[in-house]
1. Is one or more of the residues making up segment 10-24 assigned to a helix (DSSP H, G or I) and either open to solvent by 50 Å² or more (accessible area, probe 1.4 Å) or under 25 Å from THR252 (Cβ atoms) (or both)?
2. Restricting segment 48-99 to residues that are part of a loop (DSSP other than H, G, I, E, B), open to solvent by 50 Å² or more (accessible area, probe 1.4 Å) and of a type in the set (A, V, I, L, M, F, W, C), which is farthest from LEU224 (Cα to Cα)?
3. For segment 208-264: of the residues being touching a Lys or Arg at 6+ places or on another chain (Cβ under 7 Å) and not polar (S, T, N, Q), which is nearest to THR18 (Cα to Cα)?
4. Picking from PRO93, PRO85, which residue would you name as being under 22 Å from ARG60 (Cα atoms) and within 22 Å of the chain's Cα centre (by Cα)?
5. Consider GLY115 carefully, then state whether it is assigned to a loop (DSSP other than H, G, I, E, B) and open to solvent by less than 30 Å² (accessible area, probe 1.4 Å).
6. Just checking, how many residues over segment 130-143 are in contact (Cβ under 8 Å) with a residue 40 or more places away in the chain, surrounded by fewer than 21 Cβ atoms within 10 Å (Cβ to Cβ) and part of a loop (DSSP other than H, G, I, E, B)?
7. In segment 149-168, how many are under 19 Å from ILE108 (Cα atoms), out of contact with any helix residue (DSSP H, G or I) (no Cβ under 7 Å at 6 or more places or on another chain) and touching a residue at least 60 places away in the same chain (Cβ under 8 Å)?
8. Just for segment 32-47: of the residues that are of a type in the set (A, V, I, L, M, F, W, C) and crowded, with 20+ Cβ neighbours inside 10 Å, which one is farthest from ALA227 (Cα to Cα)?
Amino acid sequence: MAALGGAPKLIALDIDGTLLETGCAISARVVAAVRAAVDAGAHVVVTTGRTVLTTRPVLRELGLGEGHALCSNGAVQIDVARGEPVAVELFDPAPAVGALRALFPEMIFAAERVGVGVWATGHSPGEYSIGDFQLVDHHVLSSEPTPRLNGWWPGGDVIEMVRQLESLVVPETSWVHGEFGPWLTVSRRGVSKGWALERLRCSLGVHSSATLAIGDGFNDREMLRWAAHSVAMTGAPDEVLAMADEVTGHVTEDGVATVLERWF
């Protein structure tokens, strides 16, 4: 287990499955632990696959009025005080859509439109309740750069999807699949939570030895590798559990608070 020399100065926290159960409120204990860290001078950075629009309510719930947050798996950095993007990493989704449609003709796509909503080719299990939701065909969806392209394979199997994705070659992009179903997220190559956190760490002047990350999903792997001390939530996939320095309690057991309360 890696050990921090003192209290962490830069703390990266995933949202879904880490700070909260999707669709539920953050517990009072976790909110208090996060607030204590902020009050002690730590940079608490919510680091999520969510869009800017769906991250803002979580920031309000935590009482975070300033600082930084990383959305869309690191592709969008926002200034919390203004609630607006300050850095956006875009890519052309057309090659990925074409390659994925060849592998999975039934795949439903959703392309993020930063601060506006999404364009989608159909309805998927993840409904976009915040922002503008427009159903479009794949030509329209592919016509504008995006920081994040989601794909859902109706009736598919995640293991079979991952097997077929081994043959996927789309220059200048990378992808990560979900934990619990046949969906994936495509981003510009090299963009990840860990990549964005390292850029932010350098701009804030925080030493690499004073970094902490807590997460639970495949899209948290680069973030956990980046941190001086990495923590996985109970219930995370085995691969994620194995790479973390520590495993904390399940989200329903306030695992984030258990970690932060050691220092704050």
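The values are calculated or read from the model by the stated rules, or taken from the named source; none is laboratory data. Just so it is clear, the structure is predicted and the values come from calculations on it, not from any experiment. With ideal geometry, Cβ positions are generated from the backbone for all residues, glycine too; neighbour counts draw on all protein chains shown. We work out accessible area using only protein heavy atoms, side chains counted, and drop any ligands, DNA or RNA first. Shrake-Rupley method; radii C 1.70, N 1.55, O 1.52, S 1.80 Å.
1. no
2. ALA81
3. Top of the filtered list is ASP254.
4. Selected residue: PRO85, the only one of PRO93, PRO85 that is under 22 Å from ARG60 (Cα atoms) and within 22 Å of the chain's Cα centre (by Cα).
5. no
6. Residues meeting the conditions: 3.
7. So the count comes out to 1.
8. This residue is ALA33.
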